[in-house]
Amino acid sequence: LLVSVVFTLKFNQRFQWHEFLGSFGTIGVAYGGSALIAALLFLTVQQSGISVLLGALPVVAMLLTTVHYFMRQQEAVDAARRGRVEAAEREAEQTAKHLEALRESEQRFHSAFTHASIGMALVSFEGRILQGNTALSSLLGEVEASTLVNRPFAEFLLDDDEPLLRSELQRILAKESETFSIEVRCRHRSGSEIWVGLHCAFFSEPGSTAPCLILQVQDINARRQAESQLNQIAFHDSLTGLPNRRRFHTLLEQALQSANADGSRHFGLMFFDFDRFKLINDSMGHSAGDEFLVLVSRRLQQNVRPGDVVARLGGDEFAVLVNRLEHEHVATHLADRLQAVLREPMHIAGVSVTTSASIGITFSSMGYERPEDMLRDADIAMYRAKSAGKARYAVFDQNLHAQLTSRVRMEGDLRQTLAEGALHVAYQPVFNIHTNQLQGFEALARWTHPTLGEVSPGVFIPIAEESGLIIDLTDIILNRACMQLASWQERHPLLRDLKIQVNLSGNDLAHPDLAQRVERAVRDSGIQPARLTLELTENILMQRVDGAMHSLEALRRLGVGLAIDDFGTGYSSLAYLSSLPIDSLKIDRSFVKGMREGSKENEIVRAIVSLGGTLGKVVVAEGIETMSQFMLLRKLGCEQGQGYHLSRPMTTADVDKLLDYIVMENELGADRFASSGMLPFVRH
Ligand code: C2E
Ligand code: CA
Ligand code: CA
C-alpha cells in the first residue's frame, strides 16, 4: 500500500482503491494466506513436532514463487511508466530547441529586413504598412522607419501610379497571382519624384498566424533617367524639345486604345500649320525660322491644359492631343484661344513678326482604329481651314469623310481613265454675234465614269488639280483639240480660219514646261499657232501673274492667243490688264444671265465691252441662254458669244454635221441666218 501511494504521488495521480485492489488484491490474499499457514504450522509444530515442516515446505516454496513473479510483473509496469515519462521529457526538450531555432531565424530575418540595402515593407492586404525598414524610410525621405508604420503605402505613390498598384493588389487578393513586379513613381518627402521597382509577394511571418504582403522597393531612378535621356533623343524633337512624330504616334495609339476600351473617354486631335512659316524661313533665314518654331511651340505648350500633349511632327506641323474631352466645345474653344495667343506679335531676329495658324480638328468619337487615320483626317481638316482662308480652324466631320472617300475613289478612277485615254472632248461653238459666222469652238473635257455616268468638270477638274493629274488631262485635251481642228480644216478648206479654245488650270500656268507642251501640241497637229487660244480664269491669272509672266510671254512669242475666262468674277488690276499679253476677255455667264434692259449686269457688260474696246481685246460673252440676251449683247457691241441658245457643247460627230451644213449653205451663197438674225444653233 505504501509503495503504491509513493507511485501515485510521483505521477501526480489520484489514489484509486479499486485499482489498488485490482493490482494488489491477489498479493494481499497471498500474504494473508501465508501468515495463516505460518500460524497453523507454528501451532502444529508445537503439538506434533518438527517433522510436520517437511510437508509444509512445498507449500512455502509455491508461495515464494508467486510473490517473486508478482514483483517481476510490477517492475515491468514501472519500467513502461518510466519510458513514457522519458519520451515526454525528450519531446519537451525538442520543442524548446525548435522554438529557439525559430527565434534565431526570426532574429536573422529581422536583422536582414532592417539592415537590407533595398527598401522593404510588410504590408497588410489593405495596403497599410505594418513595418518598414531603414532603407525604405531613407528612400522616401522619412526620418525613421517607425514613421512609416500604419500609413497606406499608396500614400507615397504619385496619384497617376496609384491605380496600377491598387489593381495589382486586387489581383493578389483575388488569388489571380502570387507576386507582382511593377515600376512606379514615389513621392520623396522633399517633393521630388523617384522611380522605384516594386516587387510584392505573399509573406507569412514566423510566429504570426495572419499572412501579409512583403514589398521590396528598389530605387531605379538612375536607370530611369538614363532611359529617359535615350527616350528624349529618340522621341523628341531636338529643336523644341517636344515629342516628335514617332512619339506622338505612340501616344495617339495609346489614347485610341483607352478611348476604344472605355466608350466615355474621348479626346481630340488638332493639327497645326503656320500660315507664315515658309515666308519667315525664306526671307529671314533658317535660324529665324528655328526661333519662330521654338517661340510657337512655347506658346502652344503654355496654353494647353495640363493633360494635353503638344508635339512637333516636322517642319511647321504641330499637333495637340486634347485629352479627357467632356465635350467637343472644349477643343474648339482651345483652338480659338490658341489662335488668339499665336496672333500676338513675336520678336524674331529683332523684327516683330505676326503669325496665324490653320487648325484641323478631329475627335476620337469618329471611331478611329489607327493613329495614322486620325492624323490624316486632322490634316485634311487643316487643309479645309487653310483653303477657307487660313487663320481658322475646321472640324473633320462625316460629311468631309464621305466627300473624301468618294474623292479618293474618283481620283483613282480618273487616273485610270486618263491612262486609258478614255476622256472625251466636247466642242461648244463660238459665233460672231454680228456676222453670225462660226468663229470656232471651246474644247471642254468630258468624263463618263464607269458606274457614276457623266461626271461634271466642276467635280473632276478640281480633283485633277489637287492630285496633279491636271497636267496629263490638259495635255490630252490640248492635243485632241488641236488634232481635231486640223482634221476639220483639212476636210473643209473654207473653214481654215476656225479657232479652238482650250482651258488651262492654275497648275498648268505654274508648270515650267507649259510653253513647250503647247508648242508640241501645235507642231504635232500642224495647225497655225494663232488658231489656238488658251483660256485662263481671271482668278488664276491674277493670283499667279508674277510667277507666270515668263510663261505668258513665251506663249505669246509662240503666237497662240490668250483669253481671260470668267471675266468680272475676279479682281483684275487694270494695270495688269493692259500690260498682259491677252487677246480676249470672256464675260462670265453670271453677268449674261442677269442681263435685262437697265439691270446692273447689263451695265457691267456694257463696261466690259467698252473696256475691251479701249484695251484692244476681243470681248466674248458666254452662257447666252435666251434670244433677248443675245439681242442685248449685239446691241452693246459684244463681238462674240457662246451659250445654250446658240449651241450646247457637241460631240465631234455633231460638229462634223454642223460644219457640213455651214459649208453647204456657204456654197449655196445664201446668208439666211444673218437675215433672220438667227445663228445656226444645234440642240441635242
Ligand atoms: P468654262 O471654261 O467657263 O466653260 C464653260 C462652261 O459653261 C461649260 O461647262 C459649258 O458647258 C457651260 N455652258 C456653255 N453654255 C452655257 C449656257 O448657255 N448656260 C450655262 N449655264 N452654261 C453654259 P462645263 O463643260 O461643265 O465646264 C465647266 C468648267 O469646267 C469650265 O468652265 C472650265 O472652267 C472647266 N473645264 C472644262 N473643261 C476643261 C478643261 O479641259 N481643262 C480645264 N482646265 N478646265 C476645264
Ligand atoms: Ca472656258
Ligand atoms: Ca467661263
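Okay, here's what the table says:
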read-out	value
Neighbours by Cβ (under 8 Å, 6+ apart or cross-chain): first from region 552-566, farther than 16 Å from G506 by Cα and away from ligand 3 (no atom under 16 Å from the Cβ); second modelled with pLDDT of 95 or more and charged (D, E, K, R)	L558/E519
Region 452-471, subset within 9 Å of ligand 1 (Cβ to nearest atom) and small (G, A, S), residue nearest to the chain's Cα centre (by Cα)	A464
V518 vs. criteria in contact with a Cys (Cβ under 8 Å, 6 or more places away or on another chain) and surrounded by 13 or more Cβ atoms within 10 Å (Cβ to Cβ)	no
Residue check for R446: closer than 17 Å to T652 by Cα, within 42 Å of the chain's Cα centre (by Cα) and of a type in the set (K, R)	yes
Search result, residues across region 613-632 that are away from ligand 1 (no atom under 12 Å from the Cβ), touching a strand residue (DSSP E or B) at 6+ places or on another chain (Cβ under 9 Å) and not charged (D, E, K, R)	G613, L615, V618, V619
Residue in region 380-402 that is out of contact with any Asp or Glu (no Cβ under 7 Å at 6 or more places or on another chain), within 22 Å of N323 (Cα to Cα), of a type in the set (S, T, Y) and surrounded by 18 or more Cβ atoms within 10 Å (Cβ to Cβ) present	yes
Number of the exception - D583 against (1) within 16 Å of ligand 2 (Cβ to nearest atom); (2) surrounded by 22 or more Cβ atoms within 10 Å (Cβ to Cβ)	(2)
Matching residues in region 610-620 - criterion: being at pLDDT below 95 and either polar (S, T, N, Q) or touching a helix residue (DSSP H, G or I) at 6+ places or on another chain (Cβ under 6 Å) (or both)	S610, T614, L615
Wholly within region 495-601, helices (runs of 4 or more DSSP H) carrying at least 1 residues that are modelled with pLDDT of 85 or more	506-510, 514-525, 538-558, 589-593
Near pairs, Cβ below 7 angstrom, 6+ apart or cross-chain, from region 523-537 (within 16 Å of ligand 1 (Cβ to nearest atom)) to any residue that is of a type in the set (D, E, K, R)	T533/K499; T533/D583; E535/D565; E535/K586; L536/D565; T537/D565; T537/D566
Among residues of region 465-515, those that are away from ligand 2 (no atom under 15 Å from the Cβ) and of a type in the set (A, V, I, L, M, F, W, C), counted	14
Selected residue (only one of T569, T537 is within 16 Å of ligand 2 (Cβ to nearest atom), among the β-branched types (V, I, T) and surrounded by fewer than 19 Cβ atoms within 10 Å (Cβ to Cβ))	T569
Filter result for the condition that a residue is assigned to a helix (DSSP H, G or I) and not β-branched (V, I, T), over S146, S190	S146
Output for region 623-661, where each listed residue is part of a loop (DSSP other than H, G, I, E, B), within 30 Å of S487 (Cβ to Cβ) and in contact (Cβ under 8 Å) with a residue 60 or more places away in the chain	E639, Q642, L646, R648, P649, T651
Count of region 136-172 residues which are surrounded by 12 or more Cβ atoms within 10 Å (Cβ to Cβ) and either among the basic types (K, R) or in contact (Cβ under 8 Å) with a residue 24 or more places away in the chain (or both)	21
Long-range neighbours under 6 Å by Cβ, at least six apart or interchain, first residue of a type in the set (A, V, I, L, M, F, W, C) within region 461-473, second within 16 Å of ligand 3 (Cβ to nearest atom)	I470/S505
Every residue from region 414-460 that is away from ligand 2 (no atom under 16 Å from the Cβ) and assigned to a loop (DSSP other than H, G, I, E, B)	G421, A422, L423, I433, H434, T435, N436, Q437, P450, T451, L452
Sole residue being within 16 Å of ligand 3 (Cβ to nearest atom) and at pLDDT 90 or above, chosen from A445, A357	A445
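Let's see how each residue does on (1) within 14 Å of ligand 2 (Cβ to nearest atom); (2) over 23 Å from P429 (Cβ atoms):
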position	(1), (2)
A530	no, no
V545	no, yes
G561	yes, no
R596	no, yes
S599	no, yes
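The values are calculated or read from the model by the stated rules, or taken from the named source; none is laboratory data. These numbers come from a predicted model, not from an experiment. In this analysis, Cβ positions are derived from the backbone assuming ideal geometry, glycine residues included, and neighbour counts consider all displayed protein chains.
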